[in-house]
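As structure tokens, the structure follows; a few thoughts come after it.
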Amino acid sequence: MIQGKKIALLPLLMCGFLFGYCIREEAPNAEADIESCTLPGDVLNREPEIGNDRITLYLKKGTPLTALAPEFTLTPGATIVPESGTVRDFTTPQTYTVTSEDGRWHKEYRITAMSDVFSNTLFSFENTRMNTNQKYYIFYETGADGKTTMEWASGNAGFLMTGKGKTPEDYPTSLSADGYEGSCLLLTTCETGSFGTMMNMPIAAGNLFTGFFNVTEALSSPLKATHFGTTVDKEPVSLSGWYRYESGPTFYTFDKGSKKMQPQPGRQDNFHIYGVFYESTDEMPHLDGTNALDDANPNIISVADFVGDGDAAEWTEFSIDFKPRPGRQADPLKLAAGQYKLAIVFTSSLHGELFEGAPGSRLWVDEVRLTNKEQ
Amino acid sequence: MMKKGLAYFFACVGAIAVHTAAVAQEDYTIGIRRSASVGLEYEIRAGINIGGTSPLPLPVEIRQIGSYSPTFCSSIEGNAVKWFGERRKWGMLLGLRIETKGMETDARVKNYRMEIVGDGGERIKGNWTGGVRTKYRGTMFTVPVAATYRINKRLRLDCGPYISFATDGDFSGHVYEGYLRENDPTGDKVVFEDDRIATYDFSDDLRTVQYGLQAGINWKAFKHLTVSGSLLWGLNGIFKKDFDTVTFTMYPVYMNIGFGYAF
């Protein structure tokens, strides 16, 4: 139990026997996580996305939502209400409460089941809500019935861990009232302060993407924490919209050895907007920061890529076409079966994933339109 | 390191003993004799402190102590004892000790509540599960005041309070291989693995004045050579009162083992 040099034994024995200086019995768990979630029968189209307090179940197209009975595994000792296996109507998202083993902590999960693929084509960035602890914005899209059809992902949950964000506007991914029409998306490249630098992540570029940000991986493998793409059943043709850009004053790279940001005079920051249409397979269910634009990636069907070309003080229009990769095309059967995904990514620093960029770079984006192939 | 330290220590003790013996022989003067006649005794002593700084008892959050090293912590001390009464059974000790107290530990914790403040005032708080390495080293002047009791010619007990004034201190370390739950156990979970570590340094939050109790035994092995052991039990935490990053009160508890020269 306690190892040490022999010389340490004397006081340790004294203290140990006299004062109970030893490892005490383990306390009951304080965590209240849903660790996994499944549905009986072959109804899931892909693995559920399990966030800290939200779960999205992607069902095969046309699966009725009225009577689903999700089954959960929880943090050991934790309990859930309603119980695992309870049949519920998921026409609207359902709430579950998990209580930790020690009874002191409760976490509410909101579970959404979707059997329709995401079909919005105009993104105006008018809809936001705050994350659970009211720190940062989350953008979402709604359908004709007003229900949420998709939540955009961002790295904000990672930035939260730097302790730098005092208001939602301090976060790299935020909302601006100053849109082309109404409000718009505002992405800012931010410095991450002493904690970010300690983790070799001195800056955080503002980013927004279709998919899921797995904050659990944000430190251990940051490029893999961005799960790009959401299921679509139409093939994209082009992506257009409006932007403004202001590059930050000084471009920095990072030297891991000295943990210092190195100014790079002469380098200017640029934004990056891109779309990737790809096949989701068992081997590669989603793209991430390591492979989303990889020329050799066999899953990618087509890419629309727009690297910024300097500052734009006025609202400027962009339009980019999805260019098919040589020899690659979508299979209509797979498309109908929901086996393709579309990643749309906006970032305020082109090399933000390498933690290079100019703090203060700002990208405003509004009225983005996705054009799909007529079927 | 430990071995080298010990060798150095014994060399020092040896040097002090030889030197004082030489001085003493030549000059076992009227002053000392006079002192002895009124019940005053003097001794000097060199020792090492072995122990740790820890919450007591260990909190449930600490699940495993992977390694512990007392490090090399020395002390040099001068004491005066005034004996009372005819039989000189009871007395008072007043001393001055220059000492270091230190340790290095590597522990695994579960659901350990922490809050750290960055250079720019950034705050992160949450619950950590994983590895914690800690290094503590404090240098201080200590004034012990103790009641002494003589069991026989060779054996003396002492017990009383001490007060320490720290001149220098280091409390630092890092967390590794584990995960942080942001804000509380239901918050976002962020995994630290491989070489991802978060360092901390609370040296500036160490208290200047520490106090506690000490109880010791002193054995006169030869006419002038004494061997002693004392338990130094800190009664206040090593951190300032308003410091709440380390949520437990960390008490310094050390064993001092020393050799001395009695005049």
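When B:Lys153 is tested against (1) modelled with pLDDT under 90; (2) within 13 Å of chain A (Cβ to nearest Cβ), exactly one condition is not met: (2). On the stretch given as the range B:241-256, residues that are surrounded by fewer than 18 Cβ atoms within 10 Å (Cβ to Cβ) and either at pLDDT 90 or above or of a type in the set (Phe, Trp, Tyr) (or both) total 2. Yes or no: the range A:206-229 includes at least one residue that is more than 14 Å from chain B (Cβ to nearest Cβ), in contact (Cβ under 8 Å) with a residue 60 or more places away in the chain and touching a Lys or Arg at 6+ places or on another chain (Cβ under 7 Å). Checked the range A:206-229: at least one residue is more than 14 Å from chain B (Cβ to nearest Cβ), in contact (Cβ under 8 Å) with a residue 60 or more places away in the chain and touching a Lys or Arg at 6+ places or on another chain (Cβ under 7 Å).
Name the strands (runs of 3 or more DSSP E) wholly within the range A:235-311 that hold at least 3 residues that are modelled with pLDDT of 95 or more?
On the way: elements: A:236-246, A:252-255, A:260-263, A:272-279, A:300-307.
Result: A:236-246, A:272-279, A:300-307.
Considering A:Lys256, A:Lys224, A:Lys260, the condition of being touching a helix residue (DSSP H, G or I) at 6+ places or on another chain (Cβ under 8 Å) and surrounded by fewer than 18 Cβ atoms within 10 Å (Cβ to Cβ) is satisfied by A:Lys224 alone. Here B:Asn111, B:Asn79, B:Asn127 are screened, and the one residue that is more than 14 Å from chain A (Cβ to nearest Cβ) and surrounded by 14 or more Cβ atoms within 10 Å (Cβ to Cβ) is B:Asn79.
Is at least one residue of the range B:116-127 at pLDDT 90 or above and outside any loop (DSSP other than H, G, I, E, B)? The answer is yes; a qualifying residue exists.
For A:Leu65, the conditions (1) outside any strand (DSSP E or B); (2) among the aliphatic types (A, V, I, L, M); (3) in contact (Cβ under 8 Å) with a residue 24 or more places away in the chain; (4) under 27 Å from A:Pro236 (Cα atoms) all hold with the exception of (4).
Please work out if B:Gly95 is small (Gly, Ala, Ser), within 30 Å of B:Tyr149 (Cβ to Cβ), outside any loop (DSSP other than H, G, I, E, B) and in contact with a helix residue (DSSP H, G or I) (Cβ under 9 Å, 6 or more places away or on another chain). No, not satisfied. Residues in the range A:159-201 that are surrounded by 24 or more Cβ atoms within 10 Å (Cβ to Cβ), within 14 Å of another protein chain (Cβ to nearest Cβ) and more than 20 Å from A:Ala358 (Cα to Cα): A:Met161 only. Scanning the range B:156-177 turns up one or more residues that are within 14 Å of chain A (Cβ to nearest Cβ), closer than 17 Å to A:Gly196 by Cα, surrounded by fewer than 20 Cβ atoms within 10 Å (Cβ to Cβ) and at pLDDT below 95.
Cβ separations smaller than 8 Å between residues 6+ apart or across chains give the following pairs from the range B:59-71 residues that are more than 7 Å from chain A (Cβ to nearest Cβ) to residues that are part of a loop (DSSP other than H, G, I, E, B) and surrounded by fewer than 17 Cβ atoms within 10 Å (Cβ to Cβ): B:Pro59/A:Arg24; B:Pro59/B:Phe248; B:Glu61/A:Ala27; B:Gly66/A:Gln3; B:Thr71/B:Met1. Can B:Tyr200 be described as in contact (Cβ under 8 Å) with a residue 24 or more places away in the chain, away from every other protein chain (no Cβ under 13 Å), of a type in the set (Ser, Thr, Tyr) and touching a His at 6+ places or on another chain (Cβ under 9 Å)? When the stated conditions are applied, B:Tyr200 does not pass them.
The values are calculated or read from the model by the stated rules, or taken from the named source; none is laboratory data. Remember, predicted model here, so these are calculated numbers, not experimental data. For neighbour counting, all protein chains shown are included, and Cβ atoms are generated from backbone atoms with ideal geometry for every residue, glycine included.
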